[in-house]
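The next block holds one structure in the form of structure tokens; read it before the comments.
The values are calculated or read from the model by the stated rules, or taken from the named source; none is laboratory data. Just so we're clear, the structure is a prediction, and the values are computed from it rather than from any experiment. Note: ideal-geometry Cβ built from the backbone for every residue, glycine included; neighbour counts use all protein chains shown.
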Amino acid sequence: MTQEILCEVNNCKFWASGNRCSAKSIYVVSQKGNKAKSSEETDCNTFVPRE
């Protein structure tokens, strides 16, 4: 299944041209371990700073 994952965090190791995410998988978590009620309450744990 082909999926399009967009990302505007251009200082991430997985950021690619066209605001694409090149990671093989994405791991998103709730900030406080509870059920998130909005996207603001989540974090992308896939993020790795670009060196």
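Structure above, values below:
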{"quantity": "Number of positions in segment 23-49 that are more than 14 Å from the chain's Cα centre (by Cα) and exposed (fewer than 12 other Cβ atoms within 10 Å of the Cβ)", "calculated": "6"}
{"quantity": "Enumeration of residues in segment 1-25 that are of a type in the set (Val, Ile, Thr) and modelled with pLDDT under 95", "calculated": "2, 5"}
{"quantity": "Segment 12-22, residues that are touching a strand residue (DSSP E or B) at 6+ places or on another chain (Cβ under 9 Å) and surrounded by 10 or more Cβ atoms within 10 Å (Cβ to Cβ)", "calculated": "12, 13, 14, 15, 19, 20, 21, 22"}
{"quantity": "Residue within segment 1-11 that is surrounded by 12 or more Cβ atoms within 10 Å (Cβ to Cβ) and more than 10 Å from the chain's Cα centre (by Cα) present", "calculated": "no"}
{"quantity": "Residues of segment 13-33 that turn out to be outside any strand (DSSP E or B) and either under 20 Å from residue 3 (Cβ atoms) or touching a helix residue (DSSP H, G or I) at 6+ places or on another chain (Cβ under 8 Å) (or both), as a count", "calculated": "13"}
